[in-house]
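Okay, so here's the structure we're looking at.
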Amino acid sequence: MSKKILLCLALAFSALTASAQFEGGKVYLNTSLSGLGLSYSRNEDVHLDIRALGGYFLSNNCMVYAGVDFAHQPHWNQVSVDFGGRYYLESIGIYLSAGVKYAHSEEITAPGKFDNFFFVPEVGYAFFVNQYVTIEPAVYYNMSFNDFSDSSKVGLRIGVGFYF
């Protein structure tokens, strides 16, 4: 019986700590890795995608962010920048995000360049390791404005977030 009480107290403390981190005026930094792409694109194989993100909480649970990422595949490299907003569901760590992304790709095997714009909705969870650090798994969808059928994709990412 005492183990159940301790577990309930630990979960309650975790929820209180999480809600305190989503307050207005906090700064957020994140690095993430994705290579688990489930793709609608015939042009894409297994890839490695590294992302850095910075954000600022304008009010409780509402954050604006900007990010950059680098993706590599055997035949091309891609650099992109994105901007958006994120809303945290109060005190449980689940977040909903939406943004826009500009991506510039260059082929490695043949000279060619390609620019694309995306709408990027995302759903994730911020699991607090301690008061300032989170592990953040997320599912995202890159919806291409230029070539919907071949360039849009669903993906999974795992990141580490820092709340200051």
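The values are calculated or read from the model by the stated rules, or taken from the named source; none is laboratory data. Computed from a predicted model, the values in this text were never measured in an experiment. Note that we place each Cβ from the backbone using ideal geometry, even for glycine, and neighbour counts take in every protein chain shown.
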Looking at the stretch 118-132, which of its residues are modelled with pLDDT under 95 and exposed (fewer than 14 other Cβ atoms within 10 Å of the Cβ)? Val129, Asn130, Gln131, Tyr132
Say whether the condition of being under 17 Å from the mean Cα position of the chain (by Cα), of a type in the set (Phe, Trp, Tyr) and closer than 15 Å to Phe70 by Cα is met by at least one residue in the stretch 96-105. yes
Residue check, Ser105 among the hydroxyl-bearing types (Ser, Thr, Tyr) and over 18 Å from Asn77 (Cβ atoms): no
So Phe164, is it under 30 Å from Leu58 (Cβ atoms) and in contact with a Ser or Thr (Cβ under 6 Å, 6 or more places away or on another chain): no
If a residue has to be under 17 Å from Asn61 (Cβ atoms), among the β-branched types (Val, Ile, Thr) and in contact with a Gly (Cβ under 8 Å, 6 or more places away or on another chain) to count, how many in the stretch 117-161 make the cut? 1
Out of the residues in the stretch 73-97 meeting the condition of being farther than 22 Å from Ser152 by Cα and not in a strand (DSSP E or B), tell me which one is modelled with the lowest pLDDT. Ser91
Within the stretch 122-150, how many residues turn out to be of a type outside the set (Ser, Thr, Tyr) and not in a strand (DSSP E or B)? 9
Residue count, the stretch 68-82 (criterion: out of contact with any Ser or Thr (no Cβ under 8 Å at 6 or more places or on another chain) and either in contact (Cβ under 8 Å) with a residue 40 or more places away in the chain or within 17 Å of Ala138 (Cβ to Cβ) (or both)): 2
Hey, does the stretch 40-59 have a residue that's touching an Asp or Glu at 6+ places or on another chain (Cβ under 9 Å), assigned to a strand (DSSP E or B), at pLDDT 95 or above and under 15 Å from Gly99 (Cβ atoms)? yes
Checking the condition surrounded by 14 or more Cβ atoms within 10 Å (Cβ to Cβ) and in contact (Cβ under 8 Å) with a residue 60 or more places away in the chain, which residue from Tyr88, Tyr95, Tyr65 passes? Tyr88
Which one of these is more than 14 Å from Asn30 (Cβ to Cβ) and part of a strand (DSSP E or B): Val68, Val100, Val160? Val100
Inspect all residues belonging to the stretch 108-115 and state whether any of them is within 25 Å of Glu23 (Cβ to Cβ) and not β-branched (Val, Ile, Thr). no
